[in-house]
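*Asks:* First the structure, then my questions, so here it is.
The values are calculated or read from the model by the stated rules, or taken from the named source; none is laboratory data. Predicted model, so just to flag it, every value in this text is computed and none were measured. Counting neighbours? That spans all protein chains shown, and the Cβs are built from the backbone with ideal geometry, glycine included.
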Amino acid sequence: MKFIHSIYAAVYDDLSLKTAGIVLGLLLVVGHVFAFLRREKLTAWLKKMPRDKGIGVIILTIDFIWSWILISAMDLGEFQSIRQFLQIAIPVTYLLVINCVDEFLSVRALGVLLLLAASPVLDAAFLEMPITRLLLPLLAYTWIIIGLFWVGMPYVLRDQIAWVSASEARWKGACAGGAGYGLLLLICAFAFYGTTAAG
């Protein structure tokens with residue numbers, strides 16, 4: 001259990017604004033530059049991804065591990081007494097979803113992953129002073145909104161992929177926007193953000 005608590009602390013308690021900014025900035029820049037350079041192959045893969053159950057199982061497994069660590073280490077307050085029940089319910093739900101949900105499993109799982117990822121990003125920016133910290137909550141709340149749509153209406157991702165890949169200009173614009181946001185995050189992280197977690 002010490003290992004689980006160490007992982008939880010690293011992600012939720014010890015994650016500084018600077019570290020979060022650098023990590024997210026690098027992911028955005030590298031991811032969008034890669035997408036710009038590999039447009040044809042990536043668009044072909046993306047169009048198949050929403051209905052690819054194999055990818056869905058992989059992402060859902062990440063969701064399951066993350067959720068189980070979260071529920072095992074976080075302070076549940078007045079719900080502390082049901083921790084063991086939740087530790088059993090999460091893997092049971094994971095297995096049921098894999099076996100019973102075939103339609104757009106990868107999209108729903110990706111939506112859940114975005115919802116899980118938003119929390120540590122918001123925690124890292126909480127009560128920090130630089131106004132540029134708002135770049136992180138803006139990204140996190142975007143993930144939350146998109147994640148909710150992907151979980152509840154998974155066909156939305158299919159339509160989004162079709163729209164952005166319909167023309168080269170849209171694709172390049174999306175890549176430029178994402179890479180630009182990541183570069184802005186990196187600049188702010190190195191120039192303004194502190195290295196101590198606010199919590």
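*Asks:* From the set of residues in the stretch 154-181 that are crowded, with 16+ Cβ neighbours inside 10 Å and outside any helix (DSSP H, G or I), which is farthest from the chain's Cα centre (by Cα)?
*Replies:* 165
*Asks:* While we're on this one: Looking at (1) buried (at least 18 other Cβ atoms within 10 Å of the Cβ); (2) out of contact with any Leu (no Cβ under 8 Å at 6 or more places or on another chain), which one does residue 138 not meet, given that it meets all the others?
*Replies:* (1)
*Asks:* Would a scan of the stretch 117-128 turn up a residue that is part of a helix (DSSP H, G or I), farther than 21 Å from residue 58 by Cβ, free of Cβ contacts under 8 Å to residues at least 24 places away in the same chain and over 18 Å from the mean Cα position of the chain (by Cα)?
*Replies:* No; the residues of the stretch 117-128 include none that is part of a helix (DSSP H, G or I), farther than 21 Å from residue 58 by Cβ, free of Cβ contacts under 8 Å to residues at least 24 places away in the same chain and over 18 Å from the mean Cα position of the chain (by Cα).
*Asks:* Got a number for residues in the stretch 147-199 being in contact with a Gly (Cβ under 9 Å, 6 or more places away or on another chain), aromatic (Phe, Trp, Tyr) and more than 16 Å from residue 133 (Cα to Cα)?
*Replies:* Counting residues in the stretch 147-199 that are in contact with a Gly (Cβ under 9 Å, 6 or more places away or on another chain), aromatic (Phe, Trp, Tyr) and more than 16 Å from residue 133 (Cα to Cα) gives 2.
*Asks:* Of all residues in the stretch 20-53, which are farther than 30 Å from residue 97 by Cα and β-branched (Val, Ile, Thr)?
*Replies:* 22, 23, 29, 30, 33
*Asks:* If you don't mind, there's one more thing I want to ask. Which one of 86, 42, 60 is without any contact (Cβ under 8 Å) to a residue 12 or more places away in the chain, surrounded by 14 or more Cβ atoms within 10 Å (Cβ to Cβ) and assigned to a helix (DSSP H, G or I)?
*Replies:* After applying the criteria, what remains is 42.
*Asks:* Just name the residue that is farthest from residue 11 (Cα to Cα) out of those in the stretch 85-131 that are in contact with a helix residue (DSSP H, G or I) (Cβ under 6 Å, 6 or more places away or on another chain) and among the hydroxyl-bearing types (Ser, Thr, Tyr).
*Replies:* Applying the filter and picking the extreme gives 106.
*Asks:* Now, a different point. Hey, does the stretch 46-57 have a residue that's out of contact with any Gly (no Cβ under 6 Å at 6 or more places or on another chain), modelled with pLDDT under 95, assigned to a loop (DSSP other than H, G, I, E, B) and farther than 19 Å from residue 88 by Cα?
*Replies:* Yes, the stretch 46-57 contains at least one residue that is out of contact with any Gly (no Cβ under 6 Å at 6 or more places or on another chain), modelled with pLDDT under 95, assigned to a loop (DSSP other than H, G, I, E, B) and farther than 19 Å from residue 88 by Cα.
*Asks:* Another question, if that's okay. Among what's in the stretch 188-199 and is in a helix (DSSP H, G or I) and surrounded by fewer than 14 Cβ atoms within 10 Å (Cβ to Cβ), pick the residue that is nearest to the chain's Cα centre (by Cα).
*Replies:* Checked the stretch 188-199; the qualifying residue nearest to the chain's Cα centre (by Cα) is 190.
*Asks:* Restricted to the stretch 1-39, and to residues that are closer than 15 Å to residue 171 by Cα and free of Cβ contacts under 8 Å to residues at least 12 places away in the same chain, which residue is surrounded by the fewest Cβ atoms within 10 Å (Cβ to Cβ)?
*Replies:* Here the residue is 37.
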